[in-house]
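Read-outs: derived from the displayed coordinates by stated rules, not from any lab. Because the structure is predicted, anything quoted here is derived from the model rather than measured. Cβ atoms come from the backbone with ideal geometry, glycine included; neighbour counts cover every protein chain shown.
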C-alpha cells in the first residue's frame with residue numbers, strides 16, 4: 001500500500017512537470033488558469049493513469065500486440081483526450097496537438113520513471 005502511494009505521488013509530480021512542458025512548447029495544447037489548476041489537472045491525470053489506463057490497456061491488448069507496442073500511444077492519447085473532456089481548464093485544439101502532447105508527456109514520464117528506478121536500485125536496502 002505504501003509503495004502504491006509512493007508511486008502515485010511520484011507519478012503526480014512527473015505529470016505536473018510534463019504538463020508544464022507541454023503547455024509551454026506545444027501550440028494548441030493549453031492548460032489555462034493558475035498553478036492550482038495545474039495541480040488539479042496533474043492529480044486527475046495521475047488518477048486516470050492509475051485506474052482507467054489499465055482497463056484501456058486490457059481492452060486494447062489485441063491492438064497493442066498487433067502494432068508491436070505502438071498501441072500504447074493510442075491508450076495514452078485516449079487518456080489525454082479524456083482529461084480534455086473532463087477538465088474545463090485544459091484545451092486541446094485538434095489531433096496534431098493531442099498526438100504531440102501525448103508523445104511528449106509519455107516520453108517525459110518514461111524518462112523520469114526510468115531515472116527513478118535507477119536511483120531506487122543504487123540505494124542500499126535497510
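Express in nm, to one decimal, how much length is gained between residue 74 and residue 86 on full extension, taking 0.36 nm for each residue of separation and deducting their alpha carbon distance. Mind dumping the intermediate values first?
Details: separation 12, 0.36 × 12 = 4.32 nm, distance 1.81 nm.
Result: 2.5 nm gained on full extension.
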Point to revise | Burial ordering of 31, 22, fewest other beta-carbon atoms within 10 Å first | key: 31, 22
Check your understanding: Of 85, 17, how do they rank once you tally other Cβ atoms within 10 Å and put the fewest first?
Key -> 85, 17
Point to revise | Cα-projected label distance for residue 25 with residue 113, points at 7 Å along beta-carbon direction, nm | key: 1.9 nm
Exercise for review: With a Förster radius of 41 Å, plug the Cβ-Cβ distance of residue 67 and residue 10 into 1/(1 + (r/R0)^6) and report the FRET value to the nearest 0.05.
Suggested key: 0.90
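If we sort 100-106, 73-79, 89-95 on the protection proxy, mean other Cβ atoms within 10 Å, highest first, what's the order?
In descending order of packing, they fall as 100-106, 73-79, 89-95.
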Revision key, fill the gap. Asserting the computed 222 nm helical MRE of the chain (DSSP H runs at least 4 long, -39500 (n - 2.57) per run, divided by residue count, to nearest 500) equals -24500 deg cm²/dmol
Practice item. Beta carbons within 10 angstrom, averaged per residue: use that to sort the peptides 50-60, 1-11, highest first. Key: 50-60, 1-11
Point to revise | Along principal axes, Cα extents of the chain, largest first, whole Å | key: 49, 40, 24
Check your understanding: Contour minus end-to-end for residue 3 and residue 39, with contour as 0.36 nm per residue of separation and end-to-end as the Cα-Cα distance?
Key -> 10.8 nm
Review point. Over the chain, what relative contact order in percent results from Cα pairs under 8 Å that are six or more residues apart?
Key: 33 percent
Revision key, fill the gap. Expected sort for 45, 19 with the fewest Cβ neighbours (10 Å cutoff) up front is 19, 45
